[in-house]
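*Asks:* Once you've had a glance at the structure underneath, I'll fire off some questions.
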Amino acid sequence: MKIKIIAGVVGACVAIAALVFFHLPILDILLMVFSALAAFELCGVVGMKNKPMMIAATAMAPLVVVLIGHDLLNATGIGLFPVLLGLGLLLVVLMLARFTKTTFVHLLYACVAAFLIPAAASTLILVRENFFWRYGFFNEQNLALFFVLLVLTCAWLTDTMALFTGKAFGKRKLCPNISPNKTWAGAIGGVVITTLINVGLAALFNAFFLQQFRITLTVVAILSLPLCVIAILGDLTASTLKRNLGVKDFGNLMPGHGGAMDRFDSFLFVAPAMLALVQILQSVGPLALHTIGA
């Protein structure tokens with residue numbers, strides 16, 4: 001228990017540091033490190049014996065975060081697709097080179113580790129950059145911080161709030177064959193309470209942290225509800241994968257808490273969904289914002 005508490009405190013300190021200095025490269029670096037750890041964990045937990053392919057997938061993951069999150073190839077005229085295709089073909093070559101130790105399923109997991117996980121993680125950078133450049137990096141960087149924070153609260157608080165409300169009121173199981181402890185009452189409570197917390201955070205940012213803009217609380221609630229539901233779906237999907245693989249945790253990076261994938265499974269679903277919702281709202285009109293005096 002002591003080790004679990006220490007690991008939790010260390011993890012919380014890292015998360016707080018990432019939020020405080022989120023406008024600096026620290027957030028990008030942490031996402032790169034997470035992607036590499038998650039890729040390594042996934043390749044290991046599926047029993048991948050092709051070490052070169054495992055190493056390549058782990059090395060590709062942080063690179064993909066940077067390529068997608070910052071669109072570094074745009075200025076070169078090469079484009080992202082040719083590079084990703086080349087990396088994918090490298091994994092195929094490594095599979096063929098050691099075909100006696102590799103199954104096609106392992107290649108698919110390597111692609112998930114090298115491309116899908118970091119692509120999902122990189123969307124948090126895209127959410128941040130969207131607000132930096134659309135609404136002004138220097139004028140309202142706290143605006144970007146709120147929407148980054150919104151992703152994390154939906155990903156992490158939903159499950160915690162669901163746990164408390166489920167213990168208090170839960171009777172009917174949500175998915176007993178996948179996650180026996182989850183209940184319908186807990187899921188509903190987690191979604192509702194997290195949404196209310198997010199609305200409260202928006203009000204707090206309006207009052208103390210924003211100068212030029214104000215966040216519309218109704219739209220924050222509209223964003224939070226589907227994101228919290230998606231967080232639950234992400235957690236259930238990760239639980240399904242672990243059951244299929246016959247493991248309790250993806251790794252042991254944080255004793256008592258599991259590995260990187262265990263802590264960020266919902267995040268990998270919520271962050272891309274957040275970016276999609278932001279882009280949809282911005283395409284139909286002003287996004288949840290109004291200027292002071294407007």
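*Asks:* Based on what the data block shows, is Ile125 in contact (Cβ under 8 Å) with a residue 12 or more places away in the chain and in the same structural domain as Phe40 (by TED's automatic domain parsing)? Before you say what the answer is, go through the steps one by one.
*Replies:* Working: in contact (Cβ under 8 Å) with a residue 12 or more places away in the chain: yes; in the same structural domain as Phe40 (by TED's automatic domain parsing): yes.
Judged against the criteria, Ile125 is a match.
*Asks:* If you don't mind, there's one more thing I want to ask. Kindly list the number of the only condition in (1) surrounded by fewer than 17 Cβ atoms within 10 Å (Cβ to Cβ); (2) under 30 Å from Ala202 (Cα atoms); (3) in contact with a Lys or Arg (Cβ under 7 Å, 6 or more places away or on another chain) that fails for Thr160.
*Replies:* (3)
*Asks:* Let me ask something additional. Pairs please, first residue from the range 217-234 and closer than 19 Å to Ala144 by Cα, second anywhere and of a type in the set (Val, Ile, Thr) and surrounded by 23 or more Cβ atoms within 10 Å (Cβ to Cβ), Cβ atoms under 6 Å, 6+ apart in sequence or on different chains.
*Replies:* Going by the 6 Å Cβ cut-off, the qualifying pairs are Ala221/Thr195; Ser224/Thr195; Leu227/Val270.
*Asks:* Moving to a separate point now. In the range 220-236, is there at least one residue being over 16 Å from Met161 (Cα atoms), among the hydroxyl-bearing types (Ser, Thr, Tyr) and outside the structural domain of Ala120 (by TED's automatic domain parsing)?
*Replies:* Checked against the condition, which is being over 16 Å from Met161 (Cα atoms), among the hydroxyl-bearing types (Ser, Thr, Tyr) and outside the structural domain of Ala120 (by TED's automatic domain parsing), the range 220-236 yields no hits at all.
*Asks:* Which number in (1) farther than 26 Å from Val191 by Cα; (2) assigned by TED's automatic domain parsing to the domain that holds Thr216 marks the one condition that Val151 misses?
*Replies:* If we test Val151 against (1) farther than 26 Å from Val191 by Cα; (2) assigned by TED's automatic domain parsing to the domain that holds Thr216, just (1) comes out false.
*Asks:* Filter the range 191-210 down to residues that are of a type outside the set (A, V, I, L, M, F, W, C) and modelled with pLDDT under 95, then give me how many there are. Steps first, please.
*Replies:* Looking only at the range 191-210, we keep the residues that are of a type outside the set (A, V, I, L, M, F, W, C), and these are 194-195, 198, 200, 206.
Retained after the next criterion (residues that are modelled with pLDDT under 95): 206.
Total meeting the criteria: 1.
The values are calculated or read from the model by the stated rules, or taken from the named source; none is laboratory data. Values in this document were obtained by computation on a predicted structure and should not be read as measured data. With ideal geometry, Cβ positions are generated from the backbone for all residues, glycine too; neighbour counts draw on all protein chains shown.
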